[in-house]
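Read the structure below first, then the notes.
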Amino acid sequence: MRTNKSPRRRVSLWVGAAATAGLVASGVMLSVAATANDVEEIAAAKDGSRNPVDFFADPPDPSEAQLRLLVDGVTRDEYRAAFTNYEECMERSGHALVGVRVDLEIIEYSITDSAVQSGVHQLCYPQEFYQVDREWQIELERKRT
């Protein structure tokens, strides 16, 4: 039984099960994830001139590569291709993904705290992977029901 009058809340932004980074502060679980390879945006996030959280209100546009993969639904190969683009974006920015398992139905991986704090993840994920990741997981759920 909780004696604290403020309930614990979980606030989630859609990011896909595999791309969630959890931050716990004051009893609030905040799940966040996202990203892009725009060098100027990454530099702005790193030097503090733009708060990385702002990217959720105004996320970067999806790349042309990601948009092409969404034209007629998402296949397993297209899902993996979009993930590779996201992974390469993170690596180019100096924040490689860890614990990557591409052999699973939903790719499993983790991001480092520094990738979130720098804003790199908030750039690369929406630009290279978010929409394909979302569509792939929705399609998998449809197949299960």
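The values are calculated or read from the model by the stated rules, or taken from the named source; none is laboratory data. These numbers were taken from a predicted model, which means no experiment stands behind them. Note that we place each Cβ from the backbone using ideal geometry, even for glycine, and neighbour counts take in every protein chain shown.
Among the residues of region 81-95, is there at least one that is modelled with pLDDT of 95 or more, touching a Phe, Trp or Tyr at 6+ places or on another chain (Cβ under 7 Å) and closer than 17 Å to residue 140 by Cβ?
yes
When region 97-142 is examined, which residues are found to be small (Gly, Ala, Ser) and touching a helix residue (DSSP H, G or I) at 6+ places or on another chain (Cβ under 7 Å)?
115, 118, 119
Among the residues of region 111-138, how many are in contact (Cβ under 8 Å) with a residue 60 or more places away in the chain, farther than 18 Å from residue 85 by Cβ and touching a strand residue (DSSP E or B) at 6+ places or on another chain (Cβ under 7 Å)?
Of the residues in that region, 1 qualify.
Tell me the helices (runs of 4 or more DSSP H) entirely within region 53-145 that contain at least 3 residues that are touching an Asp or Glu at 6+ places or on another chain (Cβ under 6 Å) and surrounded by 12 or more Cβ atoms within 10 Å (Cβ to Cβ).
76-92
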